[in-house]
1. Starting from the eigenvalues of the Cα gyration tensor, five times each then square-rooted, give me the equivalent ellipsoid semi-axes of the range 42-151, largest first, whole Å.
2. Work out from phi, with θ = phi - 60° and the Karplus expression 6.51 cos²θ - 1.76 cosθ + 1.60, the ³J(HN,Hα) of each residue of the range 104-109, listed in order in whole Hz, and give x for Gly and Pro.
3. Going from most exposed to least, what order do D129, D55, D162 have by accessible area with a 1.4 Å probe?
4. For the chain, with only Lys/Arg (+1) and Asp/Glu (-1) charged at the beta-carbon, what is the dipole magnitude about the Cα centre, in debye rounded to 20?
5. With a 1.4 Å probe and all protein chains kept in place, how much accessible area does R104 have, in Å² rounded to the nearest 10?
6. Just want the answer: with Cβ charges of +1 for Lys and Arg and -1 for Asp and Glu, which residue in F144, G128, V111 is farthest toward the dipole's positive end in the chain?
7. Under the Karplus relation 6.51 cos²θ - 1.76 cosθ + 1.60, θ = phi - 60°, what is the ordered set of whole-Hz ³J(HN,Hα) values for the range 13-23, x standing for Gly and Pro?
8. For the range 1-62, what are Rg and Dmax over the alpha carbons, in angstrom?
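The values are calculated or read from the model by the stated rules, or taken from the named source; none is laboratory data. In this text, all values refer to a predicted model and were calculated from it rather than measured experimentally. Here the Cβ positions follow ideal geometry from the backbone for every residue, glycine too, while neighbour counts run over all protein chains shown. The area values use the complete protein model at the heavy-atom level, side chains included, leaving out ligands, DNA and RNA. Shrake-Rupley method; radii C 1.70, N 1.55, O 1.52, S 1.80 Å.
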Amino acid sequence: ARQEPFAGHPIGSFFRDEIPQRVYATGLVNSTTHLVTGSIGQGNWVESAWFAIFDRSITTSARKGVYIVYLLSKDGTKLYLTFNQGCASIRESHPKTETIRIMREKAAELVGKIDCRGFKSDEDISLGDNLTERAELYQKGTIFYKAYRKGNVPSETELQSDLIKMMDIY
């Protein structure tokens, strides 16, 4: 899709409209207490398309706070289910290296307080090579994650079980 014009591309409405509807339809996410939204970019393609689940009492923006976000790798071969944190509000007042340090400290603090429920908490998540700063910060902000690989996607039951566990963490 990145080789095609951005404006009006059907994958945009898939991420912004169809994915949220499907997530709510599972019954695992309540639209009153949680907001589901997705993005492929604003005006141009992002390197890592995403859709997030925000607890409305914590945040409704990927800019700040903690939230669940599914991140698609740059090459489209991996989809990560992550418990992540907003980077933009931190980055506005800190250099990139300091932003990463602050996010990794927050991640370590949360990892020390929350049972990982089988998710990874290392820094081995990889959205790709030569990432934009924003995609790199998404990667560095990850607290817990699980990778799903193209051609080896688990059953719907396992996907829902993973989301339930991640919602429990949240």
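1. 19, 18, 14
2. Per residue, the Karplus-derived 3J(HN,Hα) values read 5, 5, 5, 4, 4, 4 Hz.
3. Heavy-atom accessible area, descending, gives D129, D55, D162.
4. 180 debye
5. Roughly 40 Å² of R104 is accessible to a 1.4 Å probe.
6. It is V111.
7. After applying 6.51 cos²θ - 1.76 cosθ + 1.60, I find 5, 4, 6, 7, 10, 5, 4, x, 4, 5, 5 Hz.
8. For the range 1-62, the Cα-based Rg and Dmax read 12.7, 38 Å.
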